[in-house]
Amino acid sequence: MPNTEIQFLEGPHSRWKEFRFVLKVMVDFFRGLRALHFTGPAVTVFGSARLGETTPEYQATSNLSGKLALLGFTILTGGGPGLMEAANRGAKAVGGRSVGCNIVLPKEQSHNAYLDKWVNIRYFFVRKTLLVKYSYAFVVMPGGFGTLDELFEAATLIQTGKIFDFPVVIFDTQYHQHLQEHFQNMLTRGVITAKEMEFILFTDDADEAVKFIEERSILKFELRKYQPQRWLFEGR
């Protein structure tokens, strides 16, 4: 199967071919918007697909996600294995809502077993939009390129006013030590401001993270507990 994203980025194609690509993107968006329409106020948890059940990060992610689910949030993840699975599992363990927006990849990623609802998305940029759209807070656990990409996507949208200043919790200060130092360096050099850092919390304490999200999301935006609904004839 050809990689249509690589082909699209090669440069100009025929107008018909590029129009078909736009249609595929539109279908991806439509499927995602329909599937996640009744997600309710969510916290999106970002994290590595490669840190499994035996790691301390998995347990920490599950614990924090369970606490957030008890506040009434839907736990939304990329729907895959590793820390995404841990977040969904933590929500399910306390009777919370667990939703995934899974990316279709040749290897590594298939949706995990702890999802009440999921959708498979073809394009990363569509998936990132959907993960942001339904969220009133973001939790960043240890991860790789993809996790950092998602962190900076959310931070940029907040900084530029494209979305509200929802809280961003970056969990595990030892893992993120160099990132925290880099943020301080950006602040010192004046490329970001202290006000633009107010929505970000570095922490190792799940209760501190929950309080930060409760104050800057639930109280600030006057959220109410979501009552699940279902579209007519919706399959799951």
query = So how do GLU18, GLU57 line up by other beta-carbon neighbours within 10 Å, fewest first?
reply = GLU18, GLU57
inquiry  = Quick check on the exposure proxy: order ARG122, ARG97, ARG50 from fewest to most C-beta atoms within 10 angstrom.
reply    = ARG50, ARG122, ARG97
key: 222 nm mean residue ellipticity, helices alone, for the chain (DSSP H n ≥ 4; -39,500 (n - 2.57); rounded to 500)   = -13000 deg cm²/dmol
remark   = Packing-ranked peptide list from 73-85, 141-153, highest mean Cβ count within 10 angstrom first, is 73-85, 141-153
task = Over 34 Å, how big is the tail of the calculated P(r) for the chain, in percent of all Cα pairs?
result = 16
query = Is there a pair in LYS92/LYS117; LYS67/LYS162; LYS128/LYS162; LYS67/LYS128; LYS17/LYS128 whose C-alpha atoms are over 18 Å apart, and which pairs would that be?
reply = LYS67/LYS162; LYS67/LYS128; LYS17/LYS128
ask   = What FRET efficiency do you get for ARG50 and PHE30 if R0 is 41 Å and r is their Cβ-Cβ distance, rounded to the nearest 0.05?
value = 0.85
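Taken together, the values in this text are just the output of simple stated rules run on the coordinates, not laboratory data. All of these numbers come straight from a predicted model, not from anything done at the bench. Because the Cβ atoms are built from the backbone with ideal geometry, glycine has one as well, and the counts that use them run over all protein chains shown.
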